[in-house]
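Engineer: Dropping the structure in here first, questions after.
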C-alpha cells in the first residue's frame, strides 16, 4: 500500500495579460508551436510525482482550456475552475476546490512554461520533510533600497538574496490555515501578499519555508520581450541533470581528457605530469599521432606495439597497426639497399675496437711490465 500523500499540481492562469499587450490572456499565446498553458500542462502531466492537476483560468476562457485538455489528452487534469481578480483570490478558489483530504499542493504560475521536471521531483521530496517549500535562485544583480527622494538608502548583501520562482509547495492544511487567517484579517485586502509564501510567512511565521534550487530557464512570461526569450529557450537543448557522485574508479566517473593506459597488465590511469599533459609510462616512446582530439594519451608497452595495439588508427591517427615483416620482405629490402638495422644496432652504435697498446720504454727489468698485443692476443714470451 502506498503511504505517501497525494500530490496535486495547481496551475494559476487567471491573469489577463495586460503587460504583454495582447487582447487574449498571455497563457493562450502560442510559443514554440503550442500555447503557454499547454507547455505547463505537459510538464506536470509527464511528472510521475504528480497525481492530479487543477487549472485556475481567467473567467470566460475556461471552455477554451477544456478543449485544450481534451485535445492534448491530459488525463491528470480533474478540474478547470475560474480564477479570481488577484493572485491570492485565485489561490483561495483553488484551495476550496481541493476538498478536505490532506495532500501536497504545488502552486505554479502557468506562464512559466520552461519548468524543469527536476524541480518538481525535488519539491515533492522536500515536502516529505518540510511543510512549506519555495523554489528560488541566487540573485546575480545588486539590489538597492531607494529612499523617497530617489537616492540609494541601502545596498543589500547579494549573497543572501534569492529570486523567488514557482512552484510554491505546501501541505494543504498549512496553506489553507494561512489563507483562512488572511481572509479574516481586515487589513489584508489593503496590503495583500504578492505570492503564497508571503501569506504563510505573515500569518504562520512559525512554519519554516524550505528553499529548493530553481533554474534560470524557469522564466515568467510577463512582457512582450519574454515571448521572444521563451521562444529561443525552447530551441535550446534541455539541461542534463548532474551526475551523482558515486564510488571512485568507475568508468562513468572518469574525468574528460584522461585516457586509460593500454597494453599493460592492469588498467592504471594516467597521472598528469608537468605542463598538464599526462605523463608517459616508463619504457613507452612518444608518438605525436597518439594525441587524440578529445584529449588523453594512449600508450602501450613494447609487446602491445608489436601486436599493433596502442598505435593510431583511421584518419585521426594515420597508419593502422604495424606488423612484423616476413623473411621474404626483409630479403627484398636488403637487395634494394633500403634495409635498416633493427634491434639494438638501430638504437645504439657498436663501440669501435680499442687500439693496441704500445710496449713500455726500456728500463730496469723490475719496472717493465709485459705489453699485451691487441685485444685477446698472446702474451709475449
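Engineer: Can you tell me which residue is surrounded by the fewest Cβ atoms within 10 Å (Cβ to Cβ) among those in the range 186-201 that are in contact (Cβ under 8 Å) with a residue 40 or more places away in the chain and within 16 Å of residue 131 (Cβ to Cβ)?
Structural biologist: Ranking the qualifying residues of the range 186-201, first place goes to 197.
Engineer: While we're on this one: If you go through the range 140-155, how many residues are assigned to a loop (DSSP other than H, G, I, E, B) and within 36 Å of the chain's Cα centre (by Cα)? Outline the logic, then answer.
Structural biologist: Filtering the range 140-155 for residues assigned to a loop (DSSP other than H, G, I, E, B) gives 140-143, 147-151.
Within this subset, residues satisfying the condition of being within 36 Å of the chain's Cα centre (by Cα) are 140-143.
Adding up the residues that qualify gives 4.
Engineer: Follow-up question, since we're still on this one. Looking at the range 110-139, which of its residues are assigned to a helix (DSSP H, G or I) and farther than 26 Å from residue 178 by Cα?
Structural biologist: Listed by number, the residues that qualify are 117, 118.
Engineer: With the requirement that a residue be more than 25 Å from residue 177 (Cβ to Cβ), touching a residue at least 12 places away in the same chain (Cβ under 8 Å) and not in a strand (DSSP E or B), what does the range 65-109 give you? Reasoning before the result, please.
Structural biologist: In the first step, residues of the range 65-109 are kept if they are more than 25 Å from residue 177 (Cβ to Cβ); the result is 65-77, 80.
Still in the running and touching a residue at least 12 places away in the same chain (Cβ under 8 Å): 65-66, 68-69, 72, 74-77, 80.
Once the filter is applied, which keeps residues that are more than 25 Å from residue 177 (Cβ to Cβ), touching a residue at least 12 places away in the same chain (Cβ under 8 Å) and not in a strand (DSSP E or B), the range 65-109 yields 65, 66, 68, 69, 72, 74, 75, 76.
Engineer: Could you identify the single residue in 189, 178 that is within 21 Å of residue 12 (Cα to Cα) and assigned to a loop (DSSP other than H, G, I, E, B)?
Structural biologist: 189
Engineer: Starting from residues that are assigned to a loop (DSSP other than H, G, I, E, B) and modelled with pLDDT of 80 or more, keep the ones in the range 1-26 and report whichever is surrounded by the fewest Cβ atoms within 10 Å (Cβ to Cβ). Full working, then the answer.
Structural biologist: So the first thing to find is which residues in the range 1-26 are assigned to a loop (DSSP other than H, G, I, E, B), and the list is 1-6, 14-25.
Subset that is modelled with pLDDT of 80 or more: 4-6, 14, 24-25.
Numbers: 4: 11, 5: 17, 6: 15, 14: 26, 24: 14, 25: 26.
Across the range 1-26, the extreme among qualifying residues is 4.
The values are calculated or read from the model by the stated rules, or taken from the named source; none is laboratory data. These figures come from a predicted structure and were not determined experimentally. Using ideal geometry, Cβ is built from the backbone for each residue, glycine included, and neighbour counts are taken over all protein chains shown.
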